[in-house]
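Below is one structure; the comments refer to it alone.
What follows is calculated from the coordinates using simple rules that are stated; it is not laboratory data. Because the structure is a prediction, the values reported are computed rather than measured. Don't worry about glycine lacking a Cβ; one is built from the backbone with ideal geometry, like all the others, and counts go over all protein chains shown.
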Amino acid sequence: MSTEYRYDPAEIEPRWQQVWADEGTWEVANDSSDPRRTSYVLEMLPYPSGEPHIGHLKVYSVGDAVAHFHRRTGRRVLHPMGYDAFGLPAENHAITTGVHPRDSTNASIASFQRQFRAWGISIDWTREFGTHEPRIYRWTQWIFLELFKRGLAYQKQAAVNWDPVEETVLANEQVKDGRGERSGALVEVRQLTQWFFRITDYADRLLEDLATIRWPEHVKTMQRNWIGRSEGAEVVFSCEEVGIDYPVFTTRPDTLFGATFFVMAPEHPDVLRLTAGTSQEQAVQDYVNSALTSDKQLRGDVDKVKTGVALGRTVTNPVNGEQLPMYVADYVLMEYGTGAIMAVPGHDERDFAFAQAYDLPVRRVIEGGDGELPYAGDGPLVNSAPEFDGLHNREALRAIVDWLDRGGKGHASVNYRLRDWLISRQRYWGTPIPIIHCARCGAVPVPEADLPVLLPDVEDYKPRGRSPLAASEDWVNVACPSCGGPALRETDTMDTFVDSSWYFLRYCDANNDEAAWDPAAVAQWMPVDQYIGGVEHAILHLLYARFFTKALSDLGHLPPEIQEPFAALFTQGMILRDGDKMSKSKGNVVAPTALVERFGADTARCYILFIGPPDQDADWSDTGAEGMHRFLGRLWRLCAEAADELPDDPIPDLDSANPDDERVLRKAHWAIEKVTKDMSERFNFNTAIAAVMELVNETTTAKRGDAAPGSVRFALSTAASLLSPFGPHVAADAYQLLTGKHVWEQPWPSADPALLEADTFELVCQVNGKVRDRVPAPTGASRETLLELARASSKLRAHLDGHQEVKAIVVPDKLVNIVVR
RNA sequence: GCGGAUGUGGUGAAAUUGGUAUACACGCAGCGUUCAGGUCGCUGUGGGGGCAACCCCGUGGAGGUUCGAGUCCUCUCAUCCGCACCA
């Protein structure tokens, strides 16, 4: 092969990037008169820290392939980009270096921008923003105030998770195994007044609407588990000695007659009150103190021996009037249900373990379990009340709840694991909460005209148990907007997940100075047709964004039919190196800049998509990337050569085609069909790229034989066209060389059904399910014909002779299986 | 403990509806091009047996359903990921 055709991505890629920048190819207007269907393709916005890593290259390679495919299949595509620019790493960096977080963040954003352009990602840059820009966080503040006015944002004192390293509170969702998600430090419980969003109001809708969205099942399951809906009953147990009613939540009201004691959480506010002045006071006090100061993770250990202390009081079981002794025990959690439980040791393992440890009675009220207790399964009721004994427990459950309801002793109830979203952060680099605290008027919203509340510049970013903003006295001290009296600004900033809960709405109308968005613009694009990102956001971001969408829709800021932000979700797997996560400490990082420099962006993008199904983790291999580089080089070279050396003849039609033409043309149409299916029905870019490789392999100078120039040019330009969503530069270049046209302006190729169906196929001939021969057979032949063909095979006869034929299975256009004895 | 995912050549993987197991690559081997290396091109490449035609075995393991199972069912092992004293 001539060496004058050298594939040079360093020359090709910048040249096409310039074309796209000059003509604003990927910009899209909010033009509702455009008749084309719209498609909103979005990857999760990056957190700009340092340089983009290989995970970014993967997510944008996937998203860009989808965006390109949607465009070329006739859709008007919104594919924007922005930056989740507030957050702790920039602030921690500021603490050690003194560089303002704004400066380090902007420097990182500039690096991301450069990379995204160098990767050739098809972004509408006119809609770009960072969440740290006042023109954007102004609207984050506006949304906060809208939620505040409707009671969906509120302040309360609560036991919150305090991260002693980050020196800020964290949302429940940011605590994993009792440790701060980011710092890894054991979180402490603190009683603090904090701002919350009332996400629990939306628990049911967040649960129900999962049925309306095309998300991976495991992500839906994770959200369901997180919301943790339990159906049961609330039942009131009364402590007559002190005259206080204690409601408890139970999922098993059918076991009420089996309750033999009653347990409260150490945090329960009444525990100390109930024992004050009694002989148990000291013991209870000691127990509560040790429970509250013990390691949260140790306390949560399922295998931990059950401990507790008697309160010396009793409550009345409302179903039978029995007096149940009260205990305090740390296996009961204040944050779930009412912080108190009825204990049924006969039918609950934990209650059983406690009863064993403290020698409490165990009563069976449900038959089953081979006579062993505890028994958590179903069965008929016993030892309960005459009207319930003998009933199956599932029916008894309903009957008992009805009976409690009629008697005013309880009612059906639903409990959630989900807690309200704590959004206060005692840190600097975030959106200031637009509230002014006035001694006379309370928490007063900053008037809309005064937005944004700008983040003041401070000298010292270090958190000292309060927000760094508190030190900025000129900023903090203001007049109350309501009464004009002296007042103080709220100094906490918002969790950065607030910013990412609405950014996708802003892209629809990114340059609107009058409003966060025009609902008409949002109606045109939302919901996001395809959202793409890491599974690590399965709960946090994806739950919060769903909550925001529903709340904003309820408030009238979104069209009522928009209830979900992301109609379809794709979660991509990680890129590993030698089976390990890439990390600086392991020294196994593959930097996208180095890849692009060495191979070009197309090779890096195509290889990342070729390495395996994109939802799975994949191991990076340098030699694999080299292989992709070879393939792109071969494709480009064949195209350049054909463009120069082969006349631009028309494609031969099937009648005039020689066998080589037919083979090449069929392969091209097969590849069209294969890539189209892989792109539209699933995200199997790896097999799509493999199909393009097969097509190119069939069209090499050595393989194409006597195929006419028209066939070769068609096959090669088709290969370039099919590859363009993955390797847009090399595809654009090769396609232009062959056709003189811009590939992105061409409609996606469609396969000719006549060329997909061959008139002969390879008939698989089996005896007893084992393949013994393959013979050519005419497509559409009758069962009889196929059977005859198979029987005629000499290889088959060797296995048939001397045996008795029992049965023959014929699968038309596929195989024959003869069963012999 | 509960829930979910995965398991196929030396490696990444393919097999879309129960119908040819290993497509496409990487690696390796051989050949050609080249002074050489690299590049590029071609050929071969699951394991075992056989000169060969061919035969046997083979999708983590064990059973089962079926003419036919990587695919369906039962049990089981391993790895990974969620959640977890949630009443």
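Some points to look at:
- Remark on segment A:68-185: ratio of C-alpha radius of gyration to 2.2 N^0.38 Å is 1.40.
- Taking only the C-alpha atoms of segment A:288-378, Rg followed by Dmax gives 14.2, 42 Å.
- Taking only the Cα atoms of chain A, the ratio Rg/Rh comes out at 1.07, with Rh defined as the Kirkwood radius.
- Spin-label model distance (nm) - A:Lys795 vs A:Val19, 7 Å beyond Cα toward Cβ: 4.9
- Pairwise label distance in nanometres, A:Arg37 with A:Gln356, each label 7 Å out on the Cα-Cβ vector: 6.0
- Positive minus negative residues near A:Leu272 (Lys, Arg vs Asp, Glu; Cβ under 12 Å): -3
- Across all Cα atoms of segment A:631-732, the radius of gyration (one decimal) and Dmax (whole number) stand at 13.1, 38 Å.
- Here the scattering of segment A:406-483 is modelled by Debye summation over its C-alpha atoms, one equal scatterer each and no solvent; at q = 0.11, 0.21, 0.27 Å⁻¹ the log10 of I(q)/I(0) is -0.46, -1.07, -1.37.
- Taking each DSSP H run with n ≥ 4 as -39500 (n - 2.57) and averaging over every residue of chain A yields -11000 deg cm²/dmol at 222 nm.
- Value of D in µm² per second that Stokes-Einstein yields for segment A:270-424, Kirkwood Rh from Cα pairs, at 10 °C (1.306 mPa s): 89
- Set of segment A:686-730 residues, backbone N closer than 19 Å to the point 7 Å along the Cα-Cβ line of A:Asn658: A:698-716
- Summarising the strand pairing of chain A, around 75 percent of its internal DSSP beta bridges are antiparallel.
- Spin-label model, A:Thr221/A:Val589: points 7 Å from Cα along the beta carbon direction are separated by 3.4 nm.
- Linear extension gain, A:Asp8 paired with A:Thr200, 0.36 nm per residue minus alpha-carbon span: 63.5 nm
- FRET efficiency, 1/(1 + (r/R0)^6) with R0 41 Å, evaluated for A:Arg214 and A:Ser621 via beta carbons: 0.80
- A:Cys765, A:Cys480 arranged by Cβ crowding within 10 Å, fewest neighbours leading: A:Cys480, A:Cys765
- Length gained on full extension, A:Ser230 to A:Lys741: 177.9 nm, using 0.36 nm per residue less the C-alpha separation.
- Using the Cβ-Cβ distance between A:Glu788 and A:Ala29 with R0 set to 60 Å, the FRET efficiency from 1/(1 + (r/R0)^6) comes to roughly 0.40.
- For the pair A:Thr126 and A:Val771, a Förster radius of 60 Å applied to the C-beta separation gives a FRET efficiency near 0.55, rounded to the nearest 0.05.
- Loop-located GluC sites (Glu not before Pro) in segment A:456-495 whose Cβ has at most 12 other Cβ within 10 Å (DSSP): A:Glu459
- Loop trypsin sites (Lys or Arg not before Pro), segment A:188-262, which have at most 16 other Cβ atoms in a 10 Å radius of their Cβ (DSSP): A:Arg198, A:Arg229
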